[in-house]
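Just so it is clear, none of the values below were taken in a lab; they were calculated from the coordinates. This structure is a prediction, so every number in the text was calculated from the model and none was measured. With ideal geometry, Cβ positions are generated from the backbone for all residues, glycine too; neighbour counts draw on all protein chains shown.
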Amino acid sequence: MTKVYYNPARRLTPFLLVLPVLHAGSGRTAAQQEASLKTSALESHEGMTISAQPWTNPALYKEKFHKKSPYAAGIVAVQVTFRNDSDDSLKVNLERIRLNVTLSEDDRQALNPLTSEEAADVIQKPATKDVTRRRFPIPLGGPKVGHDKKWVEVQQELRDAGVKAGIIAPHSTVRGLLYFDVRSQFDLLGSAHLYVPEVVALEKNRELLYFEIDLSQAGGH
């Protein structure tokens, strides 16, 4: 199988589409999914559509997070939708997804998604802000804190709102949040890209071309 590797010089032209939602459980769900696609940056090929919307408005977090908001701790949540229109099951390697942020033409960084446990650690004990410190690199992993009752409640909300599965059945959709620690530097989302390098068609054992979604094209933040 031919491997496709990430080329930093490649720039896909993102586009906004209003796509029909398949297998919606109700009219309300269908309307919500359609509205989400309208305001999301997306890319579609080989039967897979991936849309992404960074939550840069703190009001968006209120419905999902009643204990503590990730946004207040410097974490951005990116709502992603994986829609499989093919006849094959598709597996997304969630751990390899990266948020590519750009400081300059020669200065870029790829941020790992946080697990719900890592995000809870950051939320319970956010890093001290130091305006004199270089903006990057952001250290990998969060601070280690005790797992008390409050931590468990925060982690539970993060897990419930996150992407629950990396396998998308034929003609179905999976949606959830990915978390990235940007240390409150939310302005970087204006030029960021969500890079999804590994999507595999399971029955055919075939790797799809990678996805690179320009988040500056997302509206309704």
- prompt: Can you list the aspartates and glutamates whose alpha carbon is less than 17 Å from that of residue 91, not counting same-chain residues fewer than 8 positions off?
  reply: 43, 46, 198, 203, 207, 212
- request: Taking the Cβ of each residue in 121, 85, 187 as the centre, tally the other Cβ atoms inside 10 Å and list the residues starting with the fewest.
  value: 187, 85, 121
- line: In whole Hz, the Karplus estimates of ³J(HN,Hα) for region 69-76 (6.51, -1.76, 1.60; θ = phi - 60°; x where Gly or Pro) are 8, x, 4, 5, 9, x, 9, 9
Cα centroid separation, region 146-203 to region 49-84 (Å): 9
